[in-house]
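K.L.:
First the structure, which I've put down as structure tokens, then a few questions once you've had a look.
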Amino acid sequence: MPDVLVAGTPFGLQVADPCGRWLTDAHETVLESLPGVRLEHLSARELSDGVRPRRKPNVVLLETSGISAEYASLPGLIPRSALDGIITGELRWIQSCSAGVEHLLPLVPGGVPLTSASGVHAKAVAEVVLAGILAHAKRFDTRRDNQHRRAWEALDCRELGATTVCVLGVGHIGAEIARLCNAFGMLVVGVARNARKLDGFGTVFPQSHLHEALRGARYVVVACPLTEATRGMVDAAALAQLDPSAYLLNIARGPIVDDDALVDALRRNALSGALLDAFELEPLPGDHPYWSLPTVRLLPHDSHSSHRLGDNQIKAFADNLRRFVDGESLLNVVDPDAGY
């Protein structure tokens, strides 16, 4: 009879409850319909105020800032200091509300499986990527400027067909980005830890061949997890492989991209622009150069925002919870050595 705790609010989920509780009656019905499940729901505010679970949980659906100082002030996330009543000797499995788990992985006890929310945000994030690519190809920024100037000016634009997009990371989000890009007739190449054949990608290069993968790409999408191997991967040498017409989109983690190198490339017009949804520091400091660069579009790390976010989280969790109850293998189990 597993004691199940839902703790914290999925980042980006807008909730009306002032306490921060987000489970709907329908969500609770889905989870409590599984054999033996005893469900409890506590918000970040309650846990930060010292409220502790009635029973030590065996299973936790968790949204936490973990070891990440930059995430500590974000609303709805359980602070590290409040995890003592959650991560106990009774714990048998943690499911994260986040696809990236670099902030949580160091806190997971040995032998306790950690599963990620990989795939939960894929459609929403991929749609933002396509919106960014289309806005760039169809020059929507210039069109908006012209509208403000009341300037009736026809522009030269591009079709996406036969344009190369390089997707760094070929997981659920990368695969969904590839699917949408293929629908527009784009040529999709990927970069992963190892080379492989994968539906939706013309070629998947190993990370060791990153520079080769980048050459000729008009669009580069950062969609990989943050690990020691990917930290700083998009550096000055990588950006130097790109044509000045290229456009960078980062919807993964800020530290994968070298900020100084990207700012320098944008200032020199060595790139045509960037759409950035993830940053080294969040919220982005007001004096950061990104704010004033005219070719940069900034998003407050909310490309995953969706009216279906809560439902998608519960669907994925309920599927894994059923597997847990039935003694089956869990989905999206994180490899501690790989970091994802």
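K.L.:
For G66, only one of the following conditions fails: (1) surrounded by fewer than 17 Cβ atoms within 10 Å (Cβ to Cβ); (2) out of contact with any Phe, Trp or Tyr (no Cβ under 8 Å at 6 or more places or on another chain); (3) outside the structural domain of G185 (by TED's automatic domain parsing). What is its number?
P.N.:
Going through (1) surrounded by fewer than 17 Cβ atoms within 10 Å (Cβ to Cβ); (2) out of contact with any Phe, Trp or Tyr (no Cβ under 8 Å at 6 or more places or on another chain); (3) outside the structural domain of G185 (by TED's automatic domain parsing) one by one, G66 breaks only (1).
Yes/no matrix, rows are residues, columns are (1) out of contact with any strand residue (DSSP E or B) (no Cβ under 8 Å at 6 or more places or on another chain); (2) outside the structural domain of L239 (by TED's automatic domain parsing); (3) closer than 21 Å to D235 by Cα; (4) not β-branched (V, I, T):
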position	(1), (2), (3), (4)
V257	no, no, yes, no
A265	yes, no, yes, yes
D287	yes, no, no, yes
W291	no, no, yes, yes
N312	yes, yes, no, yes
N320	no, yes, no, yes
V333	no, yes, no, no
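K.L.:
Ok, one more. Which number in (1) crowded, with 19+ Cβ neighbours inside 10 Å; (2) out of contact with any strand residue (DSSP E or B) (no Cβ under 6 Å at 6 or more places or on another chain); (3) closer than 16 Å to L130 by Cβ marks the one condition that R253 misses?
P.N.:
Failing condition for R253: (3).
K.L.:
Out of all the residues in segment 315-334, is one or more under 30 Å from L31 (Cα atoms), among the basic types (K, R) and under 20 Å from the mean Cα position of the chain (by Cα)?
P.N.:
Of segment 315-334, the ones under 30 Å from L31 (Cα atoms) are 315-334.
Next, only the ones that are among the basic types (K, R) stay: 315, 322-323.
When the remaining residues are screened for being under 20 Å from the mean Cα position of the chain (by Cα), the result is 315.
Yes, some residue in segment 315-334 is under 30 Å from L31 (Cα atoms), among the basic types (K, R) and under 20 Å from the mean Cα position of the chain (by Cα).
K.L.:
Please determine whether any residue of segment 156-173 is at pLDDT 95 or above and part of a helix (DSSP H, G or I). Give the steps one after another, and end with the answer.
P.N.:
From segment 156-173, those at pLDDT 95 or above are 156-173; that's our starting set.
Next, only the ones that are part of a helix (DSSP H, G or I) stay: 172-173.
Yes, there is a match, as at least one residue in segment 156-173 is at pLDDT 95 or above and part of a helix (DSSP H, G or I).
K.L.:
Give segment 294-330 a look and list any residue that's among the polar types (S, T, N, Q) and in contact with a Pro (Cβ under 7 Å, 6 or more places away or on another chain), or say none.
P.N.:
Taking segment 294-330 first, the residues among the polar types (S, T, N, Q) are 295, 303, 305-306, 312-313, 320, 329.
Matches in segment 294-330: Q313 only.
K.L.:
Is it the case that segment 167-185 has a residue that's touching a helix residue (DSSP H, G or I) at 6+ places or on another chain (Cβ under 8 Å), buried (at least 21 other Cβ atoms within 10 Å of the Cβ), among the aliphatic types (A, V, I, L, M) and over 17 Å from V125 (Cβ atoms)?
P.N.:
no
K.L.:
Quick check on my filter: what residues within segment 111-155 are more than 23 Å from A183 (Cα to Cα), in a loop (DSSP other than H, G, I, E, B) and of a type in the set (K, R)? Walk me through how you get there before you give the answer.
P.N.:
The initial filter retains those residues of segment 111-155 that are more than 23 Å from A183 (Cα to Cα), namely 111-117, 141-155.
Subset that is in a loop (DSSP other than H, G, I, E, B): 111-113, 116-117, 149-155.
Within segment 111-155, R149, R150 meet the criteria.
K.L.:
Of all residues being without any contact (Cβ under 8 Å) to a residue 60 or more places away in the chain and either among the basic types (K, R) or crowded, with 21+ Cβ neighbours inside 10 Å (or both) in segment 239-250, which is farthest from H136 (Cα to Cα)? Just the residue, please. Give the steps one after another, and end with the answer.
P.N.:
If we filter segment 239-250 for residues that are without any contact (Cβ under 8 Å) to a residue 60 or more places away in the chain, which is where we start, we get 239-246, 248, 250.
Those left that are additionally either among the basic types (K, R) or crowded, with 21+ Cβ neighbours inside 10 Å (or both): 239, 242, 246, 248, 250.
Working: L239: 18, L242: 16, A246: 10, L248: 10, N250: 14 Å.
Checking each candidate, the answer is L239.
K.L.:
Please state which of the following conditions A137 fails to meet, knowing it meets all the rest: (1) among the small types (G, A, S); (2) in contact (Cβ under 8 Å) with a residue 60 or more places away in the chain; (3) touching a Lys or Arg at 6+ places or on another chain (Cβ under 9 Å).
P.N.:
(2)
K.L.:
Inside segment 1-45, can you point out the residues that are modelled with pLDDT of 95 or more and among the charged types (D, E, K, R)?
P.N.:
D3, D25, E28, E32, R38, E40 - these are the residues of segment 1-45 that are modelled with pLDDT of 95 or more and among the charged types (D, E, K, R).
K.L.:
Is one or more of the residues making up segment 124-145 over 16 Å from the mean Cα position of the chain (by Cα) and more than 20 Å from Y219 (Cβ to Cβ)?
P.N.:
Yes: segment 124-145 contains one or more residues that are over 16 Å from the mean Cα position of the chain (by Cα) and more than 20 Å from Y219 (Cβ to Cβ).
The values are calculated or read from the model by the stated rules, or taken from the named source; none is laboratory data. Remember, predicted model here, so these are calculated numbers, not experimental data. Quick reminder, even Gly has a Cβ in these numbers, built from the backbone with ideal geometry, and neighbours come from all protein chains shown.
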